[in-house]
Ligand SMILES: Cc1ncc(COP(=O)(O)O)c(C=O)c1O
Ligand SMILES: Cc1ncc(COP(=O)(O)O)c(C=O)c1O
């Protein structure tokens, strides 16, 4: 293990944890990542030394809290090169916000929203609900035999499309979609673009402005930040087309019994007491991530994923999904024809190894892959080659023994 | 200071904090309360030892996290005697959830939603938005001369009312409304009832089931819990009338390209990765509160509020709002005719004393009171008589000096 | 029926095993104890809802005594059903209703009883008890 | 104009005061330095948006030099305006545009520059600079 990796691991208190008598091997990073100590400490410190409600008060704690909360936004603006950063409770709420605040007011019956078969439920269900409400048509770009998006069919599906929503990087396959190409096709047809970047942001720097898209959704908890917070990035032009989603304190300018006027900035979409401690934690996570060579780590982790995929493919009865080509994220989904994923996951857990099983909130993709669910190992910054070897040999012996 | 009070104070790390060279005197509790160490520690411990995404995995950390998350719900069920506890990001989202998930699907054009002039913006704006969307009529019960709800006019306003939404305890006046009477009038007219209990839950045990209402909204951060979480309590019958609000992971049963089916329990309304650490913190807050004699503390704090109101009223040029009758919460709003609230608040802050100024997200009430804003001192469990005396003598000397 | 181990004996047998994987192996052995539903008996009616794996369970009243039949695609889940079968089959409704699911924790085979999509045990257990209440 | 203190002198004067309340008192004294807008000059156009208190500010081009006129209902806010008046009035646009709002922190009269509903200083400051850009 390199010194850098040891230093990274030292930052994560949970790695000291034992599960069933073994050191925890945490390979469920696509579900949520662990948190470095600086992130936990930042929140503790917030609660111990400056907790107060933000925005509407002049006392010192309120000033400091407001500063801390807004400095996370400032940090995210820089990190993502984005002008408008609306805080939400996560990717899911961010996409729902886009559907309600923009979709409902700017799309009409018959307009097409283009999705893909590779989407997470969070990028399907909000649009199905919008479709039922205002009659937009949903169209899905199929996943091809090789588990990538069928770009020919995408190109052929653009008629009437007003909004294209797709996942930057699949949480099941690890596949990074041809983002630039899809954006350019969409823009050529005058469609807006929303990108679900939940799985992309932990692994690479995203430059929102230069992507030339309209919305980007992500969650803090998948990039070393706390639960309960995420954001929707919005292009300045599209921002002006959005109507309020939820109503309440902090999002208004004035309220009378007859009606209300709203804030003009991001607060317009952040009703109620915001996620203050969460913003403080996310801010610290961004600062921590900014010291990591993400490009280097991305390649290291992708190599681990390729190695894992190869070794698994060598096991009789094993099917491995995904291509693990350059740019893909370090996620390996697999299934054995004799050992049920749930049994495999429980047996691995008996050795302290955490993998996820199930449909990974991507049932349409599961259907396409012809399975009910998969096992999924997803790697992150603190994972080591040794941990991977332990998992692989444990899987090999489980298959040998129980199939 | 009694031993009990000293023990309570010892539980709150932030009370060690100095502001402008003085010990912090925190009287902004109606905006948000401080957090006992056990709450902060519970979240730290969660992140350091069991952080994982909940519900859909069989590994140990996921099991423990799920257990921790759901045990908060179980705890809230008991604490509030409620069967259905839907997690939200706070009171504001809870009311928006009620408006979207129930109001939009069960109210029709012309149906009346009855509100009061005493409402927080969070219980006004969502209904104004619903009104614009589906044409329900909003009607407001006026606040009378004595700063209580005009019950005669309330009685006279029930025609066509399908939903009555009101604040249990005002965040500006501290007034506890005649909840039982309003509920009984509403039920007699066949109207559903939603109660904004943001300010009530920190000060008293609420028994949801015996209140015979349909919705109750509250926030964790006002009752020693973390930011970013709150809940909507729903009666079992009304729960069945609710349609999903946000779509995404965790709230579905099955997703196909053609449509989706939803969970049947509270998860139906909790799309996306939930507020896991926040639930852990709230759980700890409830456990901490359960050891406090809330009835005793309520009376102690209300006495402090009365004392404050009396002393302030003795200052020439001072107007004090609210009655501070039994059952009211320990909130004192006031304004001086010569010293601007913002100046007063900044001068108090120079002595380490934190009060809030402004409209307190209740502009219609401000209008009724004939002011742009007030200063507000709100007391909580860790506040002492000595702190109150310090504030009062500081206010007296500020008025003397600057008016 | 005499040679079926008691719940206490089962708890002891499991809890004596230190190694978590060995406990799961033993649990999987209990999959064979299930009076198995055939595939064509699997239906929405007897589905254990909220399970990640496919799991089905029915309760029969056999001359006043409880008899469960079940099946699951995951072997560990069927093993849990096997434990329930051994403990409950041929017993009186009163006995079955007196049980709590806590024993799965004591055995060291589950660390949570919260019903959730990853933990159908509690759901199975509750299903059996409510069917017993209905059918007896 | 010669006897107006420089920004550095002001920062020093304030930062030498240990007691926060005394600093605020001194700040309130600066309220008198404002070339005050009369009440009927208060308009939506010159409103400092997002302030908690009522605050208004206009920038005039007086023979190529900056002149601000302002008013606020809160005395501390008008004091902040007074500081800005002393520092900026009669100065060249280039000088005014070269300033940053950091001095309010250095003076110890604000602990945050984040524009928010409780902190109109940053907004006032930005308003002046953008009006200077417009009008000169
Ligand atoms: C009476 C009342 N209702 C609603 C709210 C809104 O609560 P939150 O900001 O936590 O959503 C508050 C708190 O500000 C309140 O005092
Ligand atoms: C691709 C993708 N989109 C959306 C989500 C939803 O994120 P969250 O649950 O944080 O809202 C996830 C994570 O589960 C994801 O992997």
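The values are calculated or read from the model by the stated rules, or taken from the named source; none is laboratory data. In this text, all values refer to a predicted model and were calculated from it rather than measured experimentally. Using ideal geometry, Cβ is built from the backbone for each residue, glycine included, and neighbour counts are taken over all protein chains shown.
Structure notes:
- Residue B:276 more than 20 Å from the chain's Cα centre (by Cα) and either closer than 14 Å to residue B:5 by Cα or crowded, with 21+ Cβ neighbours inside 10 Å (or both): yes
- Just one of (1) within 16 Å of ligand 1 (Cβ to nearest atom); (2) in contact (Cβ under 8 Å) with a residue 12 or more places away in the chain; (3) closer than 30 Å to residue B:113 by Cβ fails for residue A:276. It is (3).
- Residue in segment D:92-102 that is under 21 Å from residue B:357 (Cβ atoms) and either at pLDDT 90 or above or away from every other protein chain (no Cβ under 14 Å) (or both) present: no
- Filter pass, residue A:137 being more than 21 Å from residue A:242 (Cα to Cα), in contact with a strand residue (DSSP E or B) (Cβ under 9 Å, 6 or more places away or on another chain) and either surrounded by fewer than 19 Cβ atoms within 10 Å (Cβ to Cβ) or assigned by TED's automatic domain parsing to the domain that holds residue A:185 (or both): no
- For residue A:344: the one exception among (1) within 23 Å of the chain's Cα centre (by Cα); (2) crowded, with 24+ Cβ neighbours inside 10 Å; (3) touching a residue at least 24 places away in the same chain (Cβ under 8 Å): (1)
- Where residue A:90 falls short, out of the listed (1) within 16 Å of ligand 1 (Cβ to nearest atom); (2) touching a residue at least 24 places away in the same chain (Cβ under 8 Å): (1)
- Cβ-Cβ contacts under 6 Å between residues 6 or more apart (or on different chains), taken from a first residue in segment A:352-363 that is within 7 Å of chain B (Cβ to nearest Cβ) to a second residue that is part of a strand (DSSP E or B), are listed as A:354/A:26; A:354/A:28; A:355/A:375; A:355/A:377; A:356/A:28; A:356/A:376; A:357/A:375; A:363/B:255.
- Residue list for segment B:48-68, filter: away from ligand 2 (no atom under 16 Å from the Cβ) and under 27 Å from the mean Cα position of the chain (by Cα): B:67, B:68
- Residue selection: residue B:115 satisfies the criterion of being within 15 Å of ligand 1 (Cβ to nearest atom), touching a residue at least 12 places away in the same chain (Cβ under 8 Å) and over 30 Å from residue A:66 (Cα atoms).
- Condition met for residue A:46 (touching a residue at least 12 places away in the same chain (Cβ under 8 Å), away from ligand 1 (no atom under 16 Å from the Cβ), buried (at least 24 other Cβ atoms within 10 Å of the Cβ) and under 28 Å from residue B:11 (Cβ atoms)): yes
- Restricting attention to segment D:73-94, the residues that are in contact (Cβ under 8 Å) with a residue 12 or more places away in the chain and part of a helix (DSSP H, G or I) add up to 15.
- Check on residue A:285, more than 9 Å from chain B (Cβ to nearest Cβ) and touching a residue at least 24 places away in the same chain (Cβ under 8 Å): yes
- The C-beta contact set for segment A:56-68 (first residue at the interface with chain B (Cβ under 7 Å from one of its Cβ atoms), second residue buried (at least 24 other Cβ atoms within 10 Å of the Cβ) and assigned to a helix (DSSP H, G or I), distance under 6 angstrom, 6+ apart or interchain) comprises A:58/B:342; A:58/B:345; A:58/B:346; A:59/B:349; A:60/B:349.
- Any chance residue A:310 is away from chain B (no Cβ under 11 Å), more than 24 Å from the chain's Cα centre (by Cα) and either in a helix (DSSP H, G or I) or at pLDDT 95 or above (or both): yes
- Selection of segment A:372-403 for residues being assigned to a loop (DSSP other than H, G, I, E, B) and in contact with a helix residue (DSSP H, G or I) (Cβ under 9 Å, 6 or more places away or on another chain) yields A:372, A:373, A:379, A:380, A:381, A:382, A:383, A:384.
- Scanning segment A:351-370 for residues that are more than 16 Å from ligand 2 (Cβ to nearest atom) and either within 18 Å of residue A:31 (Cα to Cα) or buried (at least 24 other Cβ atoms within 10 Å of the Cβ) (or both) turns up A:352, A:353.
- Residue within segment A:36-54 that is in contact with a helix residue (DSSP H, G or I) (Cβ under 6 Å, 6 or more places away or on another chain) and at pLDDT below 95 present: yes
- Every residue from segment B:198-246 that is within 16 Å of ligand 2 (Cβ to nearest atom) and more than 28 Å from residue B:41 (Cα to Cα): B:244, B:245, B:246
- The set of residues from segment A:284-314 being exposed (fewer than 15 other Cβ atoms within 10 Å of the Cβ) and touching a strand residue (DSSP E or B) at 6+ places or on another chain (Cβ under 7 Å) comprises just one member, A:313.
- Yes/no for residue B:41 being more than 16 Å from ligand 1 (Cβ to nearest atom), within 24 Å of residue B:293 (Cα to Cα), surrounded by fewer than 24 Cβ atoms within 10 Å (Cβ to Cβ) and free of Cβ contacts under 8 Å to residues at least 12 places away in the same chain: no
- Hits in segment A:122-166 (condition: in contact with a helix residue (DSSP H, G or I) (Cβ under 7 Å, 6 or more places away or on another chain), within 16 Å of ligand 2 (Cβ to nearest atom) and either more than 12 Å from chain B (Cβ to nearest Cβ) or over 18 Å from residue A:193 (Cβ atoms) (or both)): A:143, A:164, A:165, A:166
- Taken over segment D:26-50, the criterion of being without any contact (Cβ under 8 Å) to a residue 60 or more places away in the chain, under 16 Å from the mean Cα position of the chain (by Cα) and part of a helix (DSSP H, G or I) is satisfied by D:26, D:28, D:29, D:30, D:31, D:32, D:33.
- Checked against (1) out of contact with any strand residue (DSSP E or B) (no Cβ under 8 Å at 6 or more places or on another chain); (2) within 16 Å of ligand 2 (Cβ to nearest atom); (3) more than 10 Å from chain B (Cβ to nearest Cβ), residue A:116 passes all but condition (1).
- Condition broken by residue C:97, with the remaining ones in (1) assigned to a strand (DSSP E or B); (2) over 11 Å from the mean Cα position of the chain (by Cα) satisfied: (1)
- For residue A:271, the stated conditions hold: it is closer than 30 Å to residue B:94 by Cβ, within 24 Å of the chain's Cα centre (by Cα), within 16 Å of ligand 1 (Cβ to nearest atom) and within 13 Å of chain B (Cβ to nearest Cβ).
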